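Here the structure is laid out as structure tokens; the discussion comes afterwards.
The values are calculated or read from the model by the stated rules, or taken from the named source; none is laboratory data. Keep in mind that what you see is a predicted model, and the values were worked out from it rather than measured. All Cβ positions, glycine included, derive from the backbone under ideal geometry; neighbour counts span all protein chains shown. To get the accessible areas, we keep the full protein, side chains included, count just its heavy atoms, and leave off ligands, DNA and RNA. Shrake-Rupley method; radii C 1.70, N 1.55, O 1.52, S 1.80 Å.
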Amino acid sequence: MNNMNTLNYILMLVIVIFIMLFVSFFKKLNHICKVLDEVSDGNLNQRIRLQNNIKSLSTLSIKVNSVIEEFQKVYEKNKRNEESRKKMISNMSHDLRTPLTSILGYMELILDDNTTDVKELSKREEYLKIVYNKGNYLYNLMEEFFELSKLDSNDINLEIKEINVSEIIRQNIVGFFYEIKKLNIQPQINLPEDDVYALGDERALNRILTNLINNSIKHGLQGTIIGISLINQKDKISVEVYDNGAGIPENEINYIFDRLYTVEKSRRINTRSSGIGLAIVKRLVKALNGTISVSSIPFKKTVFTVTLPQNLDLKNIK
């Protein structure tokens with residue numbers, strides 16, 4: 001009889017423990033469901049925090065938290081992309097509307113002017129030159145849009161061969177030399193005595209250097225120096241294009257390679273910039289299996305560094 005009572009007590013104890021575990025398990029599952037409901041409602045900072053010894057439940061909590069974290073990253077990335085898209089449309093509208101408005105204004109003046117006076121005719125010719133320059137700017141802008149779209153879709157043909165990087169740099173310096181001197185900016189050129197060669201595409205490297213030098217001229221106006229250095233290392237080369245102008249704000253430096261992104265300060269000093277040039281540079285550098293980085297200390301040194309391998313893996317060239 002006593003043995004039966006003991007067994008009954010043990011059985012009841014086991015049932016009570018089982019019920020307590022079940023209730024605890026149910027509460028924890030309910031907590032997980034509540035967290036998921038909050039996440040579904042937009043509270044992406046919510047996480048499952050449970051103290052338990054049930055391995056399967058602990059594993060489930062870790063997995064769910066991992067999924068929430070990944071979802072939060074995707075959400076934040078999409079949010080940044082949406083903000084970037086809105087800014088891109090705003091900048092595009094600005095870059096297209098401003099010259100178009102100017103062209104239409106000057107064309108209206110020309111059409112309304114029926115005079116035969118020599119001075120007025122000279123003024124009309126000046127208006128036509130302005131219209132031509134504005135139209136040429138629009139044409140170049142649309143060409144940049146077209147080139148960027150081709151790069152995004154990998155619709156480019158690179159002619160990979162041994163190229164003289166030193167000579168390409170010299171040609172670019174000559175091309176911008178007059179413009180740099182006209183702005184009373186001191187050019188600094190640092191090239192090794194012996195010419196440096198690498199495998200690459202001559203047209204692509206020319207475009208990279210042209211865009212970077214042009215960028216330094218536009219945004220280094222408040223400085224006194226624009227420089228370019230070529231560094232020949234063991235298995236790669238580095239080209240640095242730098243200036244000591246106003247520089248890039250720290251909170252914007254991570255976005256300057258985004259398409260149509262322009263540093264707001266540059267707009268306030270009336271420098272004409274579409275925000276496409278650096279996006280093209282990044283894609284061309286990537287197509288050559290290279291890297292590009294930027295650092296900026298305002299009015300001391302803002303430097304873009306392009307690094308290219310001297311022996312490219314032709315299989316990875318797109």
| said: Can you compute the equivalent ellipsoid semi-axes for the range 117-215, i.e. the square root of 5 times each eigenvalue of the Cα gyration tensor, sorted largest first and rounded to whole Å? | reply: 35, 22, 10
| field | Net lengthening on full extension, LYS236/PHE146 (0.36 nm per residue, minus Cα-Cα) | value | 29.3 nm
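Could you tell me the calculated FRET efficiency between ASN43 and ASN136, based on Cβ-Cβ distance and R0 = 51 angstrom, to the nearest 0.05?
Numbers: r = 53 Å, r/R0 = 1.03.
So the FRET efficiency works out to roughly 0.45.
Kindly state, to the nearest 0.05, the FRET efficiency for GLU126 paired with LEU96, given R0 = 22 Å and r defined as their beta-carbon distance. Could you put the intermediate results ahead of the total?
On the way: r = 24 Å, r/R0 = 1.08.
Using R0 = 22 Å, I get an efficiency of 0.40.
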| Between LYS73 and LEU221, what length in nm is gained on full extension when 0.36 nm per residue of separation is reduced by their alpha carbon distance? | 49.4 nm
| query | So, by mean Cβ neighbours within 10 angstrom, what's the order for 194-206, 71-83 with the highest one leading? | reply | 194-206, 71-83
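Can you give me the % of accessible surface on the range 101-249 that is carbon or sulfur? Probe 1.4 Å, all protein chains present, nothing else counted. Mind dumping the intermediate values first?
Working: 4350 of 8710 Å².
That share works out to 50 percent.
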| said: If I model a spin label at ASP112 and SER153 as a point 7 Å from the Cα along the Cα→Cβ vector, what separation in nanometres do I get? | reply: 4.3 nm
| message | Can you list residues from other chains, or at least 5 along the same chain, whose modelled amide H is less than 5 Å from the amide H of ILE237? | response | LEU308, GLN310
| task | Can you tell me how much longer the chain between PHE177 and GLU250 gets when fully stretched, taken as 0.36 nm per residue apart minus their C-alpha distance, in nm with one decimal? | result | 23.3 nm
